[in-house]
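The values are calculated or read from the model by the stated rules, or taken from the named source; none is laboratory data. The structure displayed is predicted, hence computed values, not measured ones. Note: ideal-geometry Cβ built from the backbone for every residue, glycine included; neighbour counts use all protein chains shown.
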Amino acid sequence: MVKGLVVKNLTVAYGNIEVVHGVSFEVHEGEIVTLIGANGAGKSTILRAISGMIPVKSGTITFNEQEITSLRSHKITELGLAHVPEGRGIFTRLTVLENLMVGAYRRNDKAEVNNDLERVFTLFPRLYERKKQLAGTLSGGEQQMLAVGRALMTGASLLLLDEPSMGLAPVLVESIFEVFVEIAEAGKTILLVEQNAAMALSIADRGYVLETGNITLSGTADYLANHPGVAEAYLGGK
Ligand code: ATP
């Protein structure tokens with residue numbers, strides 16, 4: 001059995017405008033895979049299609065060998081896939097702890113939920129220190145930690161992370177990305193969408209380059225980081 005995510009010939013359109021043109025890629029269990037690409041390449045669209053937020057025009061999406069194409073998003077969440085959208089989508093008028101527990105609201109396994117809460121607080125001690133604080137008063141970096149923490153509280157085995165570095169100071173990006181490595185080492189799978197290709201490739205196992213809705217290059221993170229075309233277009237012409 002192929003554990004993880006398999007996307008085949010995925011095509012997505014908004015109305016008549018097709019923005020993703022038949023992309024195929026895989027994310028295996030325990031891997032960090034990054035999808036890099038410029039503004040508007042279709043990265044967020046692909047994540048939205050995987051998590052059932054927008055319809056798929058054609059192609060198939062399989063998660064742990066079960067086809068999830070066109071399932072409702074809450075069904076997809078139940079299967080163990082959590083989407084952390086761009087802009088984070090936290091509840092600003094709830095506390096940190098309440099936001100985390102919202103992530104777990106469909107779960108009945110109380111002991112496991114408590115374990116996951118402990119794990120989230122261990123990964124992000126700042127969230128523990130601020131558990132009673134209203135989420136809207138957190139800094140941008142803390143809000144990003146909270147969004148990732150809430151996704152972990154769903155009990156998900158696959159995290160879809162959309163531009164987690166957005167708007168954060170470089171030192172904070174580094175520390176959050178280190179936590180992504182810890183999360184993957186604990187057995188979770190991560191699909192990371194990023195414009196910050198250098199940071200994404202520094203923690204990923206493999207990557208795919210997306211250009212205007214097509215995958216144009218793929219390989220190990222090392223291969224991509226040293227590829228002249230990638231360096232030129234995405235790493236500031238190293
Ligand atoms: P960014 O890094 O800027 O978020 P992206 O690679 O995630 O870019 P998408 O947000 O997936 O790109 O957008 C891909 C294309 O689809 C863009 O041309 C965008 O304008 C278009 N698009 C996105 N959302 C919609 C929508 N709701 N309706 C119509 N077009 C959309």
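Restricting the first member to the range 29-47 and to residues that are more than 22 Å from Ala186 (Cβ to Cβ), and the second to residues that are within 6 Å of the ligand (Cβ to nearest atom) and of a type in the set (A, V, I, L, M, F, W, C), the beta-carbon pairs closer than 6 Å and six or more apart or on different chains are Gly42/Val19; Thr45/Val19. Within the range 62-94, the set of residues being outside any helix (DSSP H, G or I), away from the ligand (no atom under 16 Å from the Cβ) and crowded, with 17+ Cβ neighbours inside 10 Å comprises Phe63, Asn64, Ile68, Thr69, Leu71, Leu81, Ala82, Ile90. Any idea which residue in the range 34-61 is farthest from the ligand (Cβ to nearest atom), counting only those that are in a strand (DSSP E or B) and farther than 17 Å from Glu211 by Cβ? Top of the filtered list is Thr60. Of all residues in the range 208-221, those that are at negative phi and small (Gly, Ala, Ser) have Cβ atoms under 6 Å from Cβ atoms of residues that are outside any strand (DSSP E or B) and surrounded by 14 or more Cβ atoms within 10 Å (Cβ to Cβ), 6 or more apart or on another chain, in Ala221/Leu201; Ala221/Ala204. Just to be sure before I move on: is Ser157 more than 24 Å from Ile50 (Cβ to Cβ), among the polar types (S, T, N, Q) and under 20 Å from the mean Cα position of the chain (by Cα) in the structure I sent? Taking the combined requirement at face value, the residue does not satisfy it. Going by the structure shown, is Ser51 in contact with a helix residue (DSSP H, G or I) (Cβ under 6 Å, 6 or more places away or on another chain), among the polar types (S, T, N, Q) and at pLDDT 95 or above? Yes, satisfied.
For the residues Ile190, Ile176, Ile215, the requirement of being at pLDDT below 95 and surrounded by 14 or more Cβ atoms within 10 Å (Cβ to Cβ) singles out Ile176.
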